[in-house]
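Colleague: My questions all concern the structure below.
Bear in mind these aren't lab numbers, they're just calculated from the coordinates by the rules spelled out. All figures in this text were calculated on a predicted structure; none of them were measured in a lab. Cβ placement follows ideal geometry from the backbone for every residue including glycine, while neighbour counts extend to all protein chains displayed.
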Amino acid sequence: MHMPISSAATSSNLYSGTSYMLTLVGGLFDSYLGANWTIALGATTFALGLGVLKFTVSYSGLPPEECIASATDVCDKAGFKYMLPFYLAMYTIALGVGAMRANVTAFGADQFDKNSKEEKKQSIHYYVRLYFTGNMGFLLGFLLGIYLMENVSYGSGYGFGLILFSVSAF
């Protein structure tokens, strides 16, 4: 996108903050739609955002031309026609993440009877497994996604993330 580091950091922080703020929207959706529909809607929205992001970096008419900046050369910033679908994709992903973040953990915990000692013990194992598999999925997606972006193309890296999420969620 040929952004200065300060602008890229600002965009990243705004995206991250927005995804956490949209957790409130996920909680509201849960109140009206229930956890099942909210999780399904959040997963679909997240996958849609990943698809738009993959399209944004893959379609030849959108990304700015490749440029390697040096001390004397300055790269042209990405134009509106690239930034609009990019931000649309990122904030669609944030909405999906917000809807799921508010509900997935509690939905899984609701499957256990709190009055049963055996199920209370199983619920502890549930949280450990949830945390472990979430982090392993993140690590796998991050390592392989970055590898594909660096060695194949950005589209293949984001496509890998989309496939990985779709297989795990649907």
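Colleague: Given the convex hull of the Cα atoms of the chain, what is a quarter of its surface area in nm²?
Modeller: With every direction weighted equally, the projected area is 11.6 nm².
Colleague: If you don't mind, there's one more thing I want to ask. Picking from Asn103, Asn115, Asn13, which is most flexible by a Gaussian network model of the chain using Cα springs under 10 Å?
Modeller: Comparing Asn103, Asn115, Asn13 in a Gaussian network model of the chain, the most mobile one is Asn115.
Colleague: To the nearest 500 deg cm²/dmol, what mean residue ellipticity at 222 nm is calculated for the chain from DSSP H runs of n ≥ 4 alone, each contributing -39,500 (n - 2.57), summed and divided by the residues?
Modeller: When only DSSP H runs of four or more count, the value is -26500 deg cm²/dmol.
Colleague: Return one number: the angle in degrees, 0 to 90 and rounded to the nearest 10, between the long axis of the Cα atoms of helix 35-58 and the longest principal axis of the Cα atoms of the chain.
Modeller: 20 degrees
Colleague: Using a Gaussian network model of the chain with C-alpha springs under 10 Å, which one of Met83, Met136, Met100 is most mobile by mean-square fluctuation?
Modeller: Of Met83, Met136, Met100, the most mobile in the Gaussian network model is Met136.
Colleague: Multiplying the sequence separation of Ile5 and His125 by 0.36 nm and subtracting their Cα-Cα distance, what value in nm do you get?
Modeller: Full extension of this stretch gives 39.1 nm more.
Colleague: Which angle from 0 to 90°, rounded to the nearest 10, does the C-alpha axis of helix 154-169 make with the longest principal axis of the chain?
Modeller: Taking Cα atoms only, the helix is inclined about 10 degrees.
Colleague: Here's another thing I want to ask about it. Might you report the magnitude of the Cβ-based charge dipole of the chain about its Cα centre, with Lys and Arg at +1 and Asp and Glu at -1, to the nearest 20 debye?
Modeller: 440 debye
Colleague: What spacing in nm lies between the two simple spin-label points modelled at Thr105 and Lys117, each 7 Å away from Cα in the Cβ direction?
Modeller: Placing both labels 7 Å beyond Cα along the Cβ direction yields 2.8 nm.
Colleague: Full extension from Thr44 to Val167: what is 0.36 nm times the residue separation minus their Cα-Cα distance, to one decimal in nm?
Modeller: Value of the extension gain: 43.1 nm.
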